[in-house]
Protein chains: 2
Amino acid sequence: MISIAVDAMGGDFGEKPIIDGVLQALEENKSFNVVLVGDENLLKPLIPEHLKQFVSYEHCKLVFPMDESATEALKYKESTIYKAIDLLREKKVQAVLSAGHSGATMSLATLRVGRLKNVLRPAIATLMPNINDKTLFLDVGANTDCKSEHLFQFAVMGEAYAKELMNISKPRVALLSNGEEDSKGNELTKESHKLLKKLPNFVGNAEGRDIFNGKIDVLVCDGFSGNIILKACEGVATAIFSMLKDKTKKSKIALLGAMLMKPVFKSLKKHIDWQEYGGAPLLGIKGCVIISHGKSDSRAIKNAIFQALKFSKSNIYQVIESELENFEK
Amino acid sequence: MISIAVDAMGGDFGEKPIIDGVLQALEENKSFNVVLVGDENLLKPLIPEHLKQFVSYEHCKLVFPMDESATEALKYKESTIYKAIDLLREKKVQAVLSAGHSGATMSLATLRVGRLKNVLRPAIATLMPNINDKTLFLDVGANTDCKSEHLFQFAVMGEAYAKELMNISKPRVALLSNGEEDSKGNELTKESHKLLKKLPNFVGNAEGRDIFNGKIDVLVCDGFSGNIILKACEGVATAIFSMLKDKTKKSKIALLGAMLMKPVFKSLKKHIDWQEYGGAPLLGIKGCVIISHGKSDSRAIKNAIFQALKFSKSNIYQVIESELENFEK
């Protein structure tokens, strides 16, 4: 039975949404155990009798501070995230889920659990909604300054995730650039393009809009570009809905229209809501680490747990290692 | 009277929307002249009698090919864009407007017209809608690989545009990064942050979402980041409206709702539609060059002409030169 260590205290809203998410996941699927990492006295009363058999505890009270630098992560040995990662290191669990300090999580995963063979840098991947389904987008923040070898490896790891976890047998892998032509890009993308051509599933350069139009399955870039795009896209969606609301409020007829359109808006919001997509898997680590948004609600945590389960049961580690091994030769 | 050279043939849809835009502008405002650069035989019949006095021609038939590299621009001496830029070089016009090959336009502007004193690299700026008004965003494509000195100058030029053309006396200038803290960023943004601190109106790092929430007036980044963000944001907006349409079509009640909300959708689309915003000014050149979207309709061209007029009448050249001079010392 798979065990998942959950950092129960790391999120922006404390333990409540995280425990609720864990319980919802257990109600739906009793095929796993959870180790709650956090204040046992606080957490124990939150678990109902019929689910107690699936839950154990790793007691600690310290939460890694959000305003602390990730480089300090090793010093906080008593923090929930350190303890959770060490459970993975000691193979007491198969997966870690944290909505806490993402930099610290990544840093501890890299330093304490370690990278898969031949992986130069782990990458944070995220699932973005597109008009048909989802696009895997990486790196979205782990590596602000990259070399072409890193981007090549991100592509290999993203492709493996798409194959093993998204059930896409031939994922269309693209490189983010400022134009589709091979010659487009900055120095990094031009160099990377040459390396990515070695991948049979590489479909060439893609532009930012291709994240959403369903033309590609995996989009690769450096962590700085990925992160700024992620936040800009969130910003556009938020601004559109906020302006729509403001303008609607000014007319009674429009308000009535909005009422009639409510199911449509709801379904659209659900499709583009990151909370539906689980968390962001950290790829390239010898274990499953899922980084959840600090503002995750119980639904996001529940989905991240199911994602962790799927990840832990998959062959992704072997696929990444054997692919990189092949290219090393 | 200000004269504007208009590349009449460079857009994706030929001369029609461009001439329509020119005529609409002249109908509203007869305080300028236009030199239409293109096939005189084709263009002349499109100009109605009462506007003929405002229009002259620079005859040429060649359009710079969209699939040609910008580095070849100097070789196409008979192209509409080359001829238009040379009118500016010879001071026969005060502004150039082109919806053609943007790389060629920029390259010719730099090589044939030249940079303002102390300007290292010209930048393409664009206006993005935010929940209140507009945010000036640069560079969005002129310079794919930048140094911190370039980003510093983009900030100075963007600030000058906001002051002189957007009537903002103290524009809030920010640097695009992957977090608001001073320490966030890649090597380039960290270096640039130190330089930008010299600007009194610098408000620190901003994230992609800040383009849209009205917190800043000018956002600075390298041309690669700017371009990928621009396209990703277009992609989000397009995807949201396309999904909204698809979902609405499936329900008669929602369709009725959408009908009642039509004025709201229309007003929202107008606010976020780039065609309303004119073109993208090329900053740092000894003259006014406005780069319009290849897919510009007549409205976009009309707005770009008014933008060119305002630009030509402004003090932006002096402001940029004197600011850079001050910082040189």
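The values are calculated or read from the model by the stated rules, or taken from the named source; none is laboratory data. Everything numeric here is computed off the predicted structure, so don't read it as measured data. Cβ: placed from backbone, ideal geometry, glycine included. Neighbour counts: every protein chain shown. Areas reflect the complete protein model, heavy atoms only, side chains present, ligands, DNA and RNA absent. Shrake-Rupley method; radii C 1.70, N 1.55, O 1.52, S 1.80 Å.
Charges on Cβ only, +1 for Lys and Arg, -1 for Asp and Glu, centred on the Cα centroid of chain B; of B:Phe265, B:Ala254, B:Gly204, which one is farthest towards the dipole's positive end? It is B:Ala254, whose Cα lies furthest towards the positive end.
For segment B:232-329, the Stokes-Einstein estimate of translational diffusion at 20 °C and a viscosity of 1.002 mPa s comes to 128 µm²/s, using the Kirkwood hydrodynamic radius over alpha-carbon pairs. When each full DSSP H helix of chain A is screened for a Cα extent of at least 24 Å along its own axis and an average Kyte-Doolittle hydropathy of at least 1.6, none passes. Does anything in segment A:152-188 have its amide N under 20 Å from the 7 Å Cα→Cβ label point of A:Asn118, and if so which residues? Flagged as within label range: A:152-165, A:170-171, A:173-174.
Charge dipole (Cα centre; +1 on Lys/Arg Cβ, -1 on Asp/Glu Cβ; no other charges) of the protein assembly as shown amounts to roughly 1480 debye. Put a plus charge on the Cβ of each Lys and Arg, a minus charge on the Cβ of each Asp and Glu, and nothing anywhere else: the dipole of segment A:123-275 about its Cα centre is then about 1000 debye.
Summary value for chain B: 23 percent relative contact order, contacts being C-alpha pairs under 8 angstrom separated by 6+ residues.
Please compute the Kirkwood hydrodynamic radius over segment B:123-275, one decimal place, Å, based on all pairs of different Cα atoms.
16.6
Let me know the longest stretch in chain A that avoids all GluC sites (Glu not before Pro) found in a DSSP loop with at most 15 other C-beta atoms within 10 Å.
Between exposed loop sites, the widest span is A:182-329.
Measuring between their Cα centroids, segment B:203-240 and segment A:60-94 lie 34 Å from each other. Ligands, DNA and RNA left out, the accessible area of segment B:51-199 computed with a 1.4 Å probe is 46% carbon and sulfur. The charge dipole of segment A:211-312, taken about the Cα centre with unit charges on the Cβ atoms of Lys, Arg (+1) and Asp, Glu (-1), comes to about 560 debye, rounded to the nearest 20.
Distance between the 7 Å Cα→Cβ label points at A:Glu328 and A:Leu255: 6.6 nm. Treating r as the C-beta distance of A:Met66 and B:Lys262 and R0 as 51 Å, the FRET efficiency rounds to 0.70. P(r) for the protein assembly as shown, from all Cα pairs and a bin width of 10 Å, is 3, 15, 22, 24, 19, 10, 5, 2, 0 %, short bins first. Computed from phi, the 3J(HN,Hα) profile of segment A:166-181 under the Karplus parametrisation 6.51, -1.76, 1.60 (θ = phi - 60°) reads 10, 6, 9, 6, 10, x, 7, 9, 10, 10, 5, 8, 9, x, 7, 5 Hz, with x in place of Gly and Pro. Helix content alone sets the calculated 222 nm mean residue ellipticity of chain B: runs of n ≥ 4 DSSP H residues at -39500 (n - 2.57) each, divided across all residues, give -13500 deg cm²/dmol. Candidate cross-link partners of B:Lys266 among the lysines, defined by an alpha-carbon separation under 19 Å and a same-chain spacing of 8 or more, comprise A:Lys245, A:Lys247, A:Lys249, A:Lys250, A:Lys252, A:Lys262, B:Lys134, B:Lys245, B:Lys247, B:Lys249. In order along segment B:109-116, the Karplus-derived 3J(HN,Hα) couplings, from 6.51 cos²θ - 1.76 cosθ + 1.60 at θ = phi - 60°, round to 4, 5, 7, 8, 9, x, 8, 5 Hz, and Gly and Pro are given as x. For B:Lys16 and B:Lys270, a Förster radius of 22 Å and the Cβ-Cβ distance give a FRET efficiency of 0.50, rounded to the nearest 0.05. Annotation note: trypsin sites (Lys or Arg not before Pro) in segment B:1-100 located in DSSP loop regions with a Cβ neighbour count of at most 16 within 10 Å are B:Lys30, B:Lys61, B:Lys77, B:Lys91, B:Lys92. At a Förster radius of 51 Å, what calculated FRET efficiency corresponds to the Cβ-Cβ distance of A:Phe241 and A:Leu46, to the nearest 0.05? The calculated FRET efficiency here is 0.95. When the Gaussian network model of chain A links Cα atoms closer than 10 Å, the mean-square fluctuations of A:Pro129, A:Pro48, A:Pro171 top out at A:Pro48.
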